[in-house]
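Undergrad: Have a look at the structure that comes next, please.
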Amino acid sequence: MGMIKDDTVRNATSYYWGERTSTIDWCEENYAISNYIAEFWNTLTNVAMITLAVLGIYSSIRHRHGKRVIA
């Protein structure tokens, strides 16, 4: 089925945030690396994006670009 992964026994169990509610795993298996993070690599890449956004807001405030840049 391409990138869609079938359900596994690991995905059928209960984890820290509760039982799984999705019927399809799109990119990676849920809770494969940590019992606290459902999609580890997706979370890791999103942390990088959030960090860049915060740095951009900080730079805009520091250089006094005004609210139009960060709004």
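Undergrad: For the list (1) modelled with pLDDT under 85; (2) assigned to a helix (DSSP H, G or I); (3) open to solvent by less than 90 Å² (accessible area, probe 1.4 Å), I need the number of the one condition that residue 31 fails.
TA: (2)
Undergrad: Let me ask another. Can you name every residue in region 34-65 that is basic (Lys, Arg) and either part of a helix (DSSP H, G or I) or under 19 Å from residue 17 (Cβ atoms) (or both)? Walk me through how you get there before you give the answer.
TA: Of the residues in region 34-65, the ones basic (Lys, Arg) are 62, 64.
Within region 34-65, just 62 meets the criteria.
Undergrad: So for region 54-70 (the condition being modelled with pLDDT under 85 and among the small types (Gly, Ala, Ser)), does at least one residue qualify?
TA: Yes: one or more hits.
The values are calculated or read from the model by the stated rules, or taken from the named source; none is laboratory data. Here the structure is a predicted model, which means the values were calculated and not measured. All Cβ positions, even for glycine, are placed from backbone atoms using ideal geometry, and neighbour counts span all protein chains on display. Note: accessible area is taken over every heavy atom of the protein model, side chains too, but ligands, DNA and RNA are not part of it. Shrake-Rupley method; radii C 1.70, N 1.55, O 1.52, S 1.80 Å.
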